[in-house]
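A short write-up of the structure that comes next.
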């Protein structure tokens, strides 16, 4: 009887240890991702970079990652985050890299968008992977230069339009030129640069920028906005013939460009 009790106790202890170890592993991955978002709130981006999986560090340089996060901080403010474990995997492949331990989390973020002064909710999946005995944050395959350019464009538009920032056209131009030095192929940077030059009355610079937008465009929608920017520039110069020509081209490239359609109609009535 005593032997049976001892055996039962040993089995219970063994089960508790197994459960404890399992929970400990899960807790460690949860701690890692909680720390990641705490660091975002505290703007400790250098620490977050060190805690990225090696795959993500091979994509991002530390300088690029910090530069991008610094831009994000000016556009969005992370207010709340809900983290829920969705799955656990052994020997899971992510973007061609095999990991022995992976925990998948469903993330719901509430960010304050400084552009429109509103809170916005977004959902995503984030993986935490174990490398060399440590849990690290895995970021999906991405293009750092495009991320920097797209976020810089949003920030520049805030300065150009006076939304979420005091209007400061030279600052908008400076941000866009810095972004173009990082990524010279992002067409929206040239489009916004052209708009800033229009507001400053620098029409020759605006025309050059919008032409670059057209040249760098990867699709009809991007090209349409380049033509639209050219048309606006010529309209401000009172060259209505050229303005009408480029509004027409903007609409032909993308019939969903309502601004081009309305501007063309207004110009035709003059």
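Report whether or not residue 78 is surrounded by 15 or more Cβ atoms within 10 Å (Cβ to Cβ) and either over 19 Å from residue 115 (Cβ atoms) or not assigned by TED's automatic domain parsing to the domain that holds residue 113 (or both).
Details: surrounded by 15 or more Cβ atoms within 10 Å (Cβ to Cβ): yes; either over 19 Å from residue 115 (Cβ atoms) or not assigned by TED's automatic domain parsing to the domain that holds residue 113 (or both): no.
For residue 78, the condition - surrounded by 15 or more Cβ atoms within 10 Å (Cβ to Cβ) and either over 19 Å from residue 115 (Cβ atoms) or not assigned by TED's automatic domain parsing to the domain that holds residue 113 (or both) - is not met.
For (1) without any contact (Cβ under 8 Å) to a residue 12 or more places away in the chain; (2) surrounded by fewer than 18 Cβ atoms within 10 Å (Cβ to Cβ); (3) assigned to a helix (DSSP H, G or I), each residue gets a yes or a no:
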| position | (1), (2), (3) |
| --- | --- |
| 33 | no, no, yes |
| 49 | no, no, yes |
| 56 | no, no, yes |
| 63 | yes, yes, yes |
| 70 | no, yes, yes |
message: When you scan region 36-43, do you find a residue that is at pLDDT 95 or above, within 17 Å of the chain's Cα centre (by Cα) and under 21 Å from residue 145 (Cα atoms), even just one?
response: yes
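For region 112-126: of the residues being in a strand (DSSP E or B) and touching a helix residue (DSSP H, G or I) at 6+ places or on another chain (Cβ under 9 Å), which is surrounded by the most Cβ atoms within 10 Å (Cβ to Cβ)? Steps first, answer last, please.
Keep residues of region 112-126 that are in a strand (DSSP E or B), which gives 112-113, 118-126.
Now narrow it down to the ones that are touching a helix residue (DSSP H, G or I) at 6+ places or on another chain (Cβ under 9 Å): 113, 126.
On the way: 113: 14, 126: 18.
Out of the qualifying residues, it is 126.
If you scan region 234-248, which residues turn out to be touching a helix residue (DSSP H, G or I) at 6+ places or on another chain (Cβ under 7 Å) and either under 27 Å from residue 146 (Cα atoms) or assigned to a loop (DSSP other than H, G, I, E, B) (or both)? Break it down into steps so the answer makes sense when it comes.
Taking region 234-248 and keeping what is touching a helix residue (DSSP H, G or I) at 6+ places or on another chain (Cβ under 7 Å), we get 234-237, 240, 242-244, 246-248.
Of everything in region 234-248, just one residue is touching a helix residue (DSSP H, G or I) at 6+ places or on another chain (Cβ under 7 Å) and either under 27 Å from residue 146 (Cα atoms) or assigned to a loop (DSSP other than H, G, I, E, B) (or both), namely 237.
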message: Here's a check for you: in region 222-240, which residue that is more than 30 Å from the chain's Cα centre (by Cα) and surrounded by fewer than 21 Cβ atoms within 10 Å (Cβ to Cβ) is nearest to residue 199 (Cα to Cα)?
response: 236
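May I ask you to verify whether residue 218 is surrounded by 19 or more Cβ atoms within 10 Å (Cβ to Cβ) and assigned to a loop (DSSP other than H, G, I, E, B)? Before you say what the answer is, go through the steps one by one.
Working: surrounded by 19 or more Cβ atoms within 10 Å (Cβ to Cβ): no; assigned to a loop (DSSP other than H, G, I, E, B): yes.
Judged against the criteria, residue 218 is not a match.
The values are calculated or read from the model by the stated rules, or taken from the named source; none is laboratory data. All values derive from a computational prediction rather than experimental measurement. Note that we place each Cβ from the backbone using ideal geometry, even for glycine, and neighbour counts take in every protein chain shown.
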